[in-house]
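Here the structure comes first, spelled out in structure tokens, and everything after it is commentary.
Just so you know, all these numbers are worked out from the coordinates, no wet-lab data involved. These numbers were taken from a predicted model, which means no experiment stands behind them. Positions of Cβ are backbone-derived with ideal geometry, glycine not excepted, and every protein chain shown enters the neighbour counts.
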Amino acid sequence: MKKYMVVCAGLCLAMSLTGCKSKDSAYKQAYEKAKAAEAAQNGAIENAQTTETPVVTPVKTVTYDNARVVSVDKENVKEERVSLVNGTGLHAYSVVVGAFQLITHAENLQQRLKNAGYSAQIVKNEERNMYRVVASTFDDKAAAVQSRDQLRSSYPDAWLLYSTK
């Protein structure tokens, strides 16, 4: 009886070990199928690039900000009526580095600017319902232009604001 049990256990063990053998052919087929799909896709891309140039719709320029732009000394300045939301106060010329509809986004940028050493402020344009983040503010336009040019290395869309009360 013991011999019979040992033989049965050995047979079960042998069957379990041989039944778990991986199917190399299935993996190979999947690999070959993926390679064929990749080659077909690359061929299609190459054919598309060599046969035709895609037609691109022309870009339409949309004016979203109808602020009055004043050009003095070849420097454009936007003139807006703004009110101080957070900060120490504005002078005549300010360098704006961001404009947001949500105050939380403006506060995040203000904090980043303060961490970088700027005395950043937040102002609001009530007409457009936009929060402007001011990095620096000056009485002198030349100093504001110089500050804007320095800030454009980090904030390429920086612009000058002439604030009216």
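Taking label positions 7 Å along the Cα-Cβ direction at both Asp139 and Lys2, the computed distance is 10.9 nm, reported to one decimal. Annotation for Ser154 and Gln111: the two label points, set 7 Å from Cα along the Cα-Cβ direction, are 1.6 nm apart. For the stretch 121-155, the residues whose backbone nitrogen is under 17 Å from a point 7 Å from the Cα of Phe100, taken along Cα to Cβ, are 121-126, 129-136, 155.
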